[in-house]
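*Asks:* Structure provided below as C-alpha cells; questions to follow.
The values are calculated or read from the model by the stated rules, or taken from the named source; none is laboratory data. This is a predicted model, so every value here is computed, not measured. No Cβ is skipped: glycine too gets one built from the backbone with ideal geometry, and neighbour counts run over all protein chains shown.
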Amino acid sequence: GAVVSQHPSRVICKSGTSVKIECRSLDFQATTMFWYRQFPKQSLMLMATSNEGSKATYEQGVEKDKFLINHASLTLSTLTVTSAHPEDSSFYICSARLGLAGNTIYFGEGSWLTVV
Amino acid sequence: RKEVEQDPGPFNVPEGATVAFNCTYSNSASQSFFWYRQDCRKEPKLLMSVYSSGNEDGRFTAQLNRASQYISLLIRDSKLSDSATYLCVVSDTGRRALTFGSGTRLQVQP
C-alpha cells in the first residue's frame, strides 16, 4: 500500500484561482518532503524542499509567493498554487524520505492540475 | 548542461530482447544512484539502487562507473510489462533531494 498519499489526484481550476495539494506520509514521520513538477515528456523538476516547522527551500526560478508550501506537521505538507495560470498546468508530485539519513524515498501518487 | 542526461529513446524492442540504457551525471559529489520506472501519467517507482560494485535483481542489472560518472541499466529477456519510461536518478548527501534524468522510453513489442 501507499506510504505517501497525495490529494487530489486530478483537479481542474479556473485561471486566477488557487489550488491546494496535500501530501501525507502514512505510518511514518517525514521531517522533509520534496515537491516536484513534471511537464509532459520532461523530467521531474524539484520545486522546493519542505521542512517541518520552518520555511521551505525553493529551487532557483520557482516563485515562492506563487507556490506556497506549508509543512505544519510531521505527516503533512501542502502546496498551494496561487493565482493559477494555464502555464501552471502540470503533474505535481511530492516525495518523502523515510528516516533522517535513509535513502528510501517514497512518492505520492501525483496530482494532475489543469488550469482553464 | 543537464545534471543527469539520458537518451530519450524510444527504444522499440521485441519480447525477449536485451536492452541497455545509459546515463551520465555531472555532479561529482553525487553519492546515491537509482533507476526508477515511470508508467504513463503515474508516479515514479523505484526499480533498483545502483552500487559501485554493480548489482543485479532478476532480469535487471545496474552498473556504476564513478570515474566516468556513468550509470547503466541492462534488461534481459524483455517483457511486454517492461514498457515504461526509465529514469536515471542521482542524489548527493548534502541536498538530500533526488535529481532526475528526463527518462528513456522503452516499448517492448510482441
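*Asks:* Return the total of residues in segment B:28-59 being of a type in the set (A, V, I, L, M, F, W, C), more than 15 Å from the chain's Cα centre (by Cα) and away from chain A (no Cβ under 11 Å).
*Replies:* 1
*Asks:* Here is a follow-up. Please indicate, with yes or no, whether at least one residue in segment A:44-59 is at positive phi and modelled with pLDDT of 95 or more.
*Replies:* Taking every residue of segment A:44-59 in turn, none turns out to be at positive phi and modelled with pLDDT of 95 or more.
*Asks:* Separate question: When segment B:35-60 is examined, which residues are found to be more than 26 Å from A:His7 (Cα to Cα) and surrounded by 14 or more Cβ atoms within 10 Å (Cβ to Cβ)?
*Replies:* Within segment B:35-60, B:Met48, B:Ser49, B:Val50, B:Asn55, B:Phe60 meet the criteria.
*Asks:* I'd like the full set of residues that are facing another protein chain (nearest Cβ under 9 Å), at pLDDT 95 or above and surrounded by fewer than 22 Cβ atoms within 10 Å (Cβ to Cβ), limited to segment A:79-107.
*Replies:* Across segment A:79-107, the qualifying residue is only A:Phe91.
*Asks:* So which residues in segment A:1-43 are acidic (Asp, Glu) and assigned to a loop (DSSP other than H, G, I, E, B)?
*Replies:* Answer for segment A:1-43, where residues must be acidic (Asp, Glu) and assigned to a loop (DSSP other than H, G, I, E, B): just A:Asp27.
*Asks:* Would you mind finding the one in A:Gly61, A:Gly16, A:Gly110 that is of a type outside the set (Phe, Trp, Tyr) and within 13 Å of chain B (Cβ to nearest Cβ)? Break it down into steps so the answer makes sense when it comes.
*Replies:* Details: A:Gly61 fails: within 13 Å of chain B (Cβ to nearest Cβ); A:Gly16 fails: within 13 Å of chain B (Cβ to nearest Cβ).
Exactly one of A:Gly61, A:Gly16, A:Gly110 is of a type outside the set (Phe, Trp, Tyr) and within 13 Å of chain B (Cβ to nearest Cβ), namely A:Gly110.
*Asks:* Among the listed residues A:Gly53, A:Gly61, A:Gly110, identify the single one that is under 24 Å from A:Thr17 (Cα atoms) and either in contact (Cβ under 8 Å) with a residue 24 or more places away in the chain or touching a His at 6+ places or on another chain (Cβ under 8 Å) (or both).
*Replies:* Sole residue among the options that is under 24 Å from A:Thr17 (Cα atoms) and either in contact (Cβ under 8 Å) with a residue 24 or more places away in the chain or touching a His at 6+ places or on another chain (Cβ under 8 Å) (or both): A:Gly110.
*Asks:* Kindly indicate the residue of segment B:70-110 that is part of a loop (DSSP other than H, G, I, E, B) and under 19 Å from B:Glu15 (Cβ atoms) and also nearest to the other protein chains (Cβ to nearest Cβ) among those meeting that condition.
*Replies:* B:Ser83
*Asks:* Looking only at residues in segment A:36-78 that are among the aliphatic types (A, V, I, L, M) and more than 21 Å from B:Ser91 (Cβ to Cβ), which one is surrounded by the fewest Cβ atoms within 10 Å (Cβ to Cβ)?
*Replies:* Selected residue: A:Ala72.
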